[in-house]
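Report on the following structure.
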Amino acid sequence: MAGTAGRAAERIRTKRVYAKAARSDGRRILIDRLWPRGLSKQKARVDFWARSTAASNELRRWYQHDPAKWDEFRRRYFAELDANPEGVEELCEQLGTGTATLLFGSVEEHLNNASALLEYLERRP
């Protein structure tokens, strides 16, 4: 997505998928590999499920939201994304040009795959 760098944080947000959906969310994109436990598709109000750009099962299991592993998680996740240009391009197309919200299931509000993905998108040329 041309022009994403530096502006992604201005129009792309992150939010727990279990939080109430709001109009201000814009396009709601679930970025977890697994569907959130106990949440109906109707209540989640997901516009697009970006499974192909979610962290791999192996990486998720390794990380387990351990803050000490955060830097290495990001490095490995970015490498997965770099190896998946088609998935990243599809995600960027789904993000569009308006407000979008990357949805995640983790109770960890900051050190999660959505935060890492937003950082990755901000660095993209």
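So that you can scan it fast, the table gives a plain yes or no per residue for (1) closer than 16 Å to Thr14 by Cβ; (2) modelled with pLDDT of 95 or more:
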position: Asn84; (1), (2): no, yes
position: Glu90; (1), (2): no, yes
position: Gly96; (1), (2): no, no
position: Leu103; (1), (2): yes, yes
position: Glu108; (1), (2): yes, no
position: Pro125; (1), (2): no, no
Matching residues, segment 71-125, being within 11 Å of the chain's Cα centre (by Cα) and acidic (Asp, Glu): Glu119
Has segment 93-105 got at least one residue that is more than 17 Å from Glu122 (Cα to Cα), small (Gly, Ala, Ser) and touching a Lys or Arg at 6+ places or on another chain (Cβ under 8 Å)? yes
In segment 53-71, is there at least one residue being surrounded by 18 or more Cβ atoms within 10 Å (Cβ to Cβ), farther than 19 Å from Tyr120 by Cβ, modelled with pLDDT of 95 or more and touching a Leu at 6+ places or on another chain (Cβ under 6 Å)? no
If Ala19 passes every condition in (1) modelled with pLDDT of 95 or more; (2) among the small types (Gly, Ala, Ser); (3) within 14 Å of the chain's Cα centre (by Cα) but one, which one does it miss? (3)
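The values are calculated or read from the model by the stated rules, or taken from the named source; none is laboratory data. Just so it is clear, the structure is predicted and the values come from calculations on it, not from any experiment. Neighbour counts are summed over all protein chains in view; Cβ atoms, including those assigned to glycine, are modelled from backbone coordinates with ideal geometry.
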